[in-house]
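Undergrad: Please read through the structure below; I'll follow up with questions.
The values are calculated or read from the model by the stated rules, or taken from the named source; none is laboratory data. A quick note: this is a predicted structure, and the numbers were derived from the prediction, not measured. Counting neighbours? That spans all protein chains shown, and the Cβs are built from the backbone with ideal geometry, glycine included. Just so you know, the surface numbers come from the protein's heavy atoms only, side chains and all, with ligands and any DNA or RNA stripped out. Shrake-Rupley method; radii C 1.70, N 1.55, O 1.52, S 1.80 Å.
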Amino acid sequence: MTASRPTLVLLHQRVGLPWLFDAAVRAGIDLVLVPRPDEQVDPDRLPPAVVELLPLDVAGDPAGALKTLRERHEATPFDGIATLYDPFVPFAADAAELLALPGIGPTVARNAQDKRIMRERLAEAGLNVPRFVRLDPADDPAGTVAEAGLTFPVVVKPALGMSSLGVTRVDSADALGAVVTEVRRVSAGTADKGAGLLVEEYLDGPEFAVESLVHEGRVQVLSIGFKGDPRGPYFEETVYRAPAALPEAVRADVVREVIAAHAALGITLGPTHTELRLRGGSTPYLLEMGARIGGSGVSHYIAENVTGVDLAGEALRIAVGLPPTHTVEQGFTEPVAASANYIVPCGGHGTITALHGLDEAEADPRVDHVVRMLAPGDVVRPYPDFTGYPAFILSRHRDLTEAEEFHSHLESAIRIDYAPATSEENPS
Ligand code: ADP
């Protein structure tokens, strides 16, 4: 430790979302913030715990960004580096290794991020994995899928994707070629950088998110939350309600599968965010596991309300090499309350003219945050392009039933009005 107050470099954190900054205050950690390129951060009005801004072009010039970090570290050492932004997890691992700071290591970071490698590692460990095939840029879709023995429906997705961008269900061989062309188009120019696609069996069953904290190889499963049952062809997120109502045996299977996946991928430290489906309603199949707090911090909000464990505070402490304030025990943490995120659906496309119901939601005593991401004047492009979600409504509840009732109320209370798209906005 370099000083009485440890310092952490936090990459690409949205300043409008409070959880990480507040957690750093609680943990007594100073933050050096590497701002998002699309956010102007006023140096005179820094978020809590931020002592310095360090602009870096992590996406465009990772080698230059690493060099700047090394120079900054040599001049005034910092104690850790972290990000909640999935595409930068490998960069944070590279920087941590270069500067001998706590981290999961570059290989583990890349294994967890590339869905093809992740699936291979899980399969090798004997875990449940949908049949899948890699589809590289030169591969013929129909031939490759047929050769792999996949049956329809399948899901086509970018190997390094995020936010469901381009993830598409295909029901027949006839439709495959056009979808692959479209997914290649949508994912070009993103973090994907021509990395290729994955085609896999469609997993039929409800979806769940699992938040965990790992220390010295022990995996504490903090929360298992219901994420809806999206059927596609495009997979917009809709709800997150925790704790999920699961039969004891199914919950035990989920916990076992998630803990085993950490071992298979080699994640021995820090927070993780796992998404899975219960195939046939009961058998857990991992969709992805990120070595980070999920949802830009939403996962902290949910896990803390459900269990009382300060996920973000503990994650920041681990990232600077401090022990967590509680003993991280392997296994499941019993929930003490319920918490939810309602993800306002776009419900159309074109130019937003009005968003109804958000002010009323904000005034509800059970609501802690209404995170507004789209506003009147913003243009929502039609799927499969992904513009972003209009808003999140984060709430606390006595139990799951109350959370469900609240979400049914929001479904009818929130509405977005659009002006029709011009042909320029919607070239198809
Ligand atoms: P991303 O990392 O872009 O979010 P995911 O692989 O997590 O991509 O897929 C996004 C969403 O698409 C998932 O949350 C799930 O709803 C759906 N999905 C992805 N793969 C499958 C699959 N094999 N079967 C069923 N649904 C899937």
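Undergrad: Write down the accessible area per residue of segment 131-201 in Å², having rolled a 1.4 Å probe over the full set of protein chains. Show your work: numbers first, answer last.
TA: Numbers: 3160 Å² over 71 residues.
Accessible surface, normalised per residue, equals 44 Å².
Undergrad: So what are the radius of gyration and Dmax for the Cα set of segment 1-138, in Å?
TA: In Å, with Rg to one decimal and Dmax whole: 17.2, 55.
Undergrad: Taking all protein chains in place and a 1.4 Å probe, what share, in percent, of the accessible surface of segment 131-201 do carbon and sulfur account for? Could the numbers behind the result be given before it?
TA: Details: 1720 of 3160 Å².
That fraction is 55 percent.
Undergrad: Suppose R0 equals 51 Å. What FRET efficiency, 1/(1 + (r/R0)^6) with r the Cβ-Cβ distance, do residue 76 and residue 249 give to the nearest 0.05? Write down the numbers at each step before the final one.
TA: Working: r = 53 Å, r/R0 = 1.03.
So the FRET efficiency works out to roughly 0.45.
Undergrad: Determine which aspartates and glutamates satisfy two conditions relative to residue 67: a Cα distance under 16 Å, and not lying fewer than 8 residues away in the same chain.
TA: Straight-line reach from residue 67, under 16 Å: 57, 94, 97.
Undergrad: Would you mind estimating how fast the chain diffuses translationally, via Stokes-Einstein at 37 °C and 0.692 mPa s with the Kirkwood radius over Cα pairs, in µm²/s? Could the numbers behind the result be given before it?
TA: On the way: Rh = 22.4 Å.
Taking Rh from Cα pairs, D becomes 147 µm²/s.
Undergrad: Follow-up question, since we're still on this one. Give me the tail of P(r) for segment 194-291 as a percent: Cα-Cα pairs with distance above 15 Å. Let's see the in-between values first.
TA: Numbers: 2891 of 4753 pairs.
Here the tail beyond 15 Å accounts for 61 percent of pairs.
Undergrad: What length, rounded to one decimal in nm, is gained on full extension from residue 63 through to residue 138, with 0.36 nm per residue of separation minus their alpha-carbon distance? Walk me through the numbers on the way to the answer.
TA: On the way: separation 75, 0.36 × 75 = 27.00 nm, distance 2.88 nm.
The span from residue 63 to residue 138 would gain 24.1 nm if fully extended.
Undergrad: Taking the Cα centre of segment 131-201 as the origin, how large is its charge dipole in debye, to the nearest 20, when only Lys and Arg (+1) and Asp and Glu (-1) carry charge on their Cβ atoms?
TA: Numbers: 7 positive and 10 negative charges, 56 e Å.
The dipole magnitude comes to about 260 debye.
Undergrad: Something else now. Listed highest first by mean packing, meaning other Cβ atoms within 10 Å per residue, what order do 281-293, 25-37 come in?
TA: 281-293, 25-37
Undergrad: So how much slack lies between residue 171 and residue 283, counting 0.36 nm per residue of separation and subtracting their Cα-Cα distance, in nm? Don't skip to the answer; put the middle values down first.
TA: On the way: separation 112, 0.36 × 112 = 40.32 nm, distance 2.23 nm.
Contour length minus the Cα-Cα distance gives 38.1 nm.
Undergrad: For a quick check: with amide H placed at 1.01 Å from N, whose amide H comes under 5 Å from residue 58's, ignoring anything fewer than 5 positions away on the same chain?
TA: none
Undergrad: Under a Cβ-Cβ cut-off of 13 Å, what is the net charge of the residues other than residue 70 that fall near it, where Lys and Arg count +1 and Asp and Glu count -1?
TA: On the way: positive: 67, 72; negative: 71, 74, 94, 97.
Computed value for this residue: -2.
Undergrad: With only Lys, Arg, Asp and Glu charged, each at its Cβ (+1 for the first two, -1 for the last two), find how big the charge dipole of segment 207-419 is about the Cα centre; round to the nearest 20 debye.
TA: 420 debye
Undergrad: Would you mind checking the radius of gyration and Dmax of segment 263-346 based on alpha-carbon positions, in Å?
TA: 14.2, 42
Undergrad: Please compute the Cα-Cα pair-distance distribution of segment 329-428 with 5 Å bins starting at 0, giving whole percents from short to long.
TA: 2, 12, 21, 18, 14, 11, 9, 6, 3, 2, 1, 0
Undergrad: Taking the full set of protein chains and a 1.4 angstrom probe, give the accessible area of residue 198 in square angstrom, rounded to the nearest 10.
TA: So the heavy atoms of residue 198 present about 0 Å² to solvent.
Undergrad: Quick check for me: using +1 on Lys/Arg Cβ and -1 on Asp/Glu Cβ, what's the dipole size of the chain about its Cα centre, in debye to the nearest 20? Could the numbers behind the result be given before it?
TA: Details: 36 positive and 60 negative charges, 137 e Å.
The dipole magnitude comes to about 660 debye.
Undergrad: For the chain, build the charge dipole from Cβ charges (+1 Lys, Arg; -1 Asp, Glu) around the Cα centre, then report which of 308, 239, 206 sits farthest towards its positive end.
TA: Projecting each Cα onto the dipole axis, the largest value belongs to 308.
Undergrad: Keeping every protein chain present and rolling a 1.4 Å probe, give me the accessible area per residue for segment 207-419 in Å². Show your work: numbers first, answer last.
TA: On the way: 7960 Å² over 213 residues.
Spelled out: the 1.4 Å probe surface of segment 207-419, per residue, equals 37 Å².
Undergrad: Any idea which of 37, 197, 260 is furthest toward the positive side of the dipole for the chain, if Lys and Arg beta-carbons carry +1 and Asp and Glu beta-carbons -1?
TA: Farthest towards the positive pole: 260.
Undergrad: Mean projection of the alpha-carbon convex hull of segment 131-201 over all orientations, in nm²? If you can, show how the numbers build up before the last one.
TA: Working: hull surface 15.9 nm².
Its Cα hull, projected and averaged over all orientations, spans 4.0 nm².
Undergrad: Turning to a different aspect of this structure: Check residue 198: other-chain or 5+ apart residues with amide H under 5 Å from its amide H, H built from backbone geometry?
TA: 135, 157, 159
Undergrad: Which net charge results for the neighbourhood of residue 375, defined as the other residues with beta-carbon distances under 14 angstrom from its beta-carbon, given Lys and Arg at +1 and Asp and Glu at -1?
TA: Details: positive: 372; negative: 359, 378, 417.
Value of the local net charge: -2.
Undergrad: Where the centre of each part is set by its Cα atoms, how far does segment 362-400 sit from segment 195-274, in angstrom?
TA: Here the two parts' Cα centres lie 22 Å apart.
Undergrad: How many nm is it between the label spots at residue 51 and residue 263, if each spot is 7 Å from the Cα in line with the beta carbon?
TA: 4.0 nm
Undergrad: Cα atoms only: what Rg and Dmax, in Å, come out for segment 207-419?
TA: Using the Cα atoms of segment 207-419, the pair Rg, Dmax is 17.7, 54 Å.
Undergrad: Would you calculate the volume per residue, in Å³, of the smallest convex hull containing every Cα atom of segment 280-320? Write down the numbers at each step before the final one.
TA: Details: hull volume 4.3 nm³, N = 41.
Dividing the Cα hull volume of segment 280-320 by its residues yields 104 Å³.
Undergrad: Right, something else. Could you calculate the FRET efficiency of residue 44 with residue 366 from 1/(1 + (r/R0)^6), where r is the beta carbon distance between them and R0 is 35 Å, rounded to 0.05?
TA: Numbers: r = 34 Å, r/R0 = 0.99.
That gives a FRET efficiency of 0.50.
Undergrad: For a quick protection proxy, order the peptides 338-346, 98-106 by their average other-Cβ count within 10 Å, most packed first.
TA: Values: 338-346: 23.3, 98-106: 18.8.
Descending mean neighbour count gives 338-346, 98-106.
Undergrad: In addition: As an exercise, use a Förster radius of 22 Å and the Cβ-Cβ distance of residue 418 and residue 359 to find the FRET efficiency, rounded to the nearest 0.05. Each step should come with its number before you reach the end.
TA: Numbers: r = 19 Å, r/R0 = 0.87.
Working from the Cβ atoms, E equals 0.70.
Undergrad: Now for a separate question. What's the carbon and sulfur percent of segment 7-105's accessible surface, probe 1.4 angstrom, rounded to a whole number?
TA: On the way: 2160 of 4220 Å².
Exposed carbon and sulfur together represent 51 percent of the surface.
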